[in-house]
1. Can you tell me how the range 33-138 classifies by the Cα gyration tensor, rounded, prolate or oblate, using a/c under 1.5 as the rounded cut?
2. Go through 266-274, 10-18, 42-50 and give me the packing order, highest mean Cβ count within 10 Å leading.
3. Of [x] 147; [y] 113; [z] 160, which one was derived for volume of the Cα convex hull per residue in Å³ from the structure shown?
4. Considering the chain as a Gaussian network with a 10 Å cut-off on Cα pairs, which listed residue, Tyr173, Tyr54, Tyr146, attains the greatest mean-square fluctuation?
5. Could you give the length gained on full extension between Leu328 and Arg153, defined as 0.36 nm per residue of separation minus the Cα-Cα distance, in nm?
6. Quick one: which residues, 5+ away or cross-chain, put their amide H under 5 Å from the amide H of Ala69? H built at 1.01 Å from N.
7. Could you state the angle between the C-alpha long axis of helix 161-182 and the longest principal axis of the C-alpha atoms of the chain, as a value from 0 to 90 degrees rounded to the nearest 10?
8. Using only Cα atoms, tell me the angle between helix 103-117 and the longest principal axis of the chain; keep it within 0 to 90° and round to the nearest 10.
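What follows draws every value from the coordinates through simple rules; no lab data is involved. Here the structure is a predicted model, which means the values were calculated and not measured. Cβ placement follows ideal geometry from the backbone for every residue including glycine, while neighbour counts extend to all protein chains displayed.
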Amino acid sequence: MGWAAAFAVMAILFVLISGANDGATLIGLGLRFPRSPGWLITAILLVALLAVPYVLGVAVARTFTEGLAELDTPGGTATFLAGVVVAVVVIAVLTRRGLPTSLTLAVIGGIAGAGLGAGLPVSWRRLGTVLAIGVCAPLVGLFLGYLLGALSRRVPSHRRMSRLMSAAHLVAYTAQCVAYAANDGQKMIAVVSVALDVAGRAGGLGAVGRVEVSPGWVAVLAVLFLVGSLTSLTRVGERLGRGLVITRPLHIVSAETAATCAVLGSSALGSPVSMTQSITAGVVGVAASEGVKRVRWQGVLNVGTAWLVTLPSSMALGCLAGLAVRLL
């Protein structure tokens, strides 16, 4: 019962933090478009979280539970818990120091490090592939953002431009939410699935099973995610919308499209990538298309520094946590 409670608390906290980190960024960018209804922006994200896993599958969630280390062995759930807890701690420390970072990258590092420390076989080839794709996704977002930003200046003016841009924004934002639910958002499904597995197992801890979450629990996950998003919507929205660049309607649509393409491409490969990183890269690419002075480079430097610190710190702490699990 004690382990079930620990996993339940961890799962709830993890979903809330994901909302505060990822959801606030998605909603905040969506609301920066002129006259975007808040209820519609939020509803699109919630519907994507509820429907996409059952339409496009949970391949990315299975990468967290099956692809990084052999967690389908005795002690696998304890190792998984250690990795996720380490990820949350790393994110909390970096956030308190004012460094925005990637929760997805922290989870990947935490789980891989915990598996190594616990003596479980780590799939180094798969881990290397995931990290390589994770690096490429923001670069793709940056390139596409720059390209779309340059092309947007060639769009001729039209008397219905305002309505056309509003429609384009809703389409791009919807696609972005679908991309998040198909990729980055599935880290929450992986964590909740393991927690439910432990709660329903008479013996408590054991091996990590297949990812299975009922629609009812996905609905609970979506509500908790929304609550977490609302807690930091102002802070994160301001950081992304004004802390990196000064956005315009065409900037927003171009950045959303760039991030969506990068993340959906990674989803097709079953590799988790950070939507926040991809969005930031897309926004920077769009701004850079109008000149480097449009980018607030100090903000970009802060983000880049945090990303470079996240993986090694989460892997090192995860390894220590895995050693502790091994000794228990």
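1. prolate
2. Averaged packing, sorted descending, gives the order 266-274, 10-18, 42-50.
3. Here the calculated entry is [y].
4. Of Tyr173, Tyr54, Tyr146, the most mobile in the Gaussian network model is Tyr54.
5. Stretched out fully, the Leu328 to Arg153 stretch lengthens by 56.9 nm.
6. Ser123
7. 10
8. 20
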